[in-house]
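Beneath this line is the structure, given in structure tokens, with notes to follow.
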Amino acid sequence: MNEATLYRELSSAINPVAFARRLRIEPDPWQQNVLLSTEKRIMILAARQSGKSTICAIYALWHALNSPGALVLVLSPSLRQSSLLFRTITTYYQDLGRPIPSDIENTRSLELANKSVIVSLPGLE
């Protein structure tokens, strides 16, 4: 591994904005604030198609990859919506070349070898 690759890997493990850029996504300033927030809860008031789901998917995957044993719940009002968001997460995971192998991977959950789990659930159904 060369020095530039090592720097990119370490930077994206520490900084979710760098992680987004590794996925070839340049977050808007408000998205950077969301990714860098240390608050337990965040409310996002934004227009349709502004990148809310994208930024949530990036953060969910970043957290699962970099926090061994994490439980990440992907909740949306309907199963269809949470499944679409989960599909975005798994697409990013595949785009990165599956940096941590998965022990279990199906249409609603992803369990990584670091014992982190991402689960997609409907909020109302």
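Bear in mind that the values in this text are calculations on the coordinates, not laboratory data. Model, not experiment: these values are computed from the prediction. Ideal geometry is used to build each Cβ from the backbone, glycine not excepted, and the neighbour counts take in all protein chains shown.
At-a-glance table
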quantity	calculated
For the chain, size of Cβ-based charge dipole, Lys and Arg +1, Asp and Glu -1, in debye	260
Helical contribution to [θ] at 222 nm, DSSP H n ≥ 4, -39,500 (n - 2.57), averaged over the chain, rounded to 500	-14500 deg cm²/dmol
Dipole of the chain, positive direction: furthest Cα of G123, P68, S12, with charges on the beta-carbon	G123
Table column - 3J(HN,Hα) (Hz), the range 103-119, Karplus curve with 6.51, -1.76, 1.60, x for Gly and Pro	8, 9, 8, 9, 6, 10, 8, 9, 10, 8, 4, 7, 6, 7, 10, 10, 10
Which of S53, S78 has the fewest Cβ neighbours within 10 Å, and the rest in rising order	S78, S53
For S83, S37, order by how many other beta-carbon atoms lie within 10 Å, fewest first	S37, S83
Full-stretch length increase - R80, K115 - with 0.36 nm per residue and alpha-carbon distance subtracted	10.0 nm
Coordinate range along principal axes, alpha carbons of the chain, Å, largest first	48, 35, 24
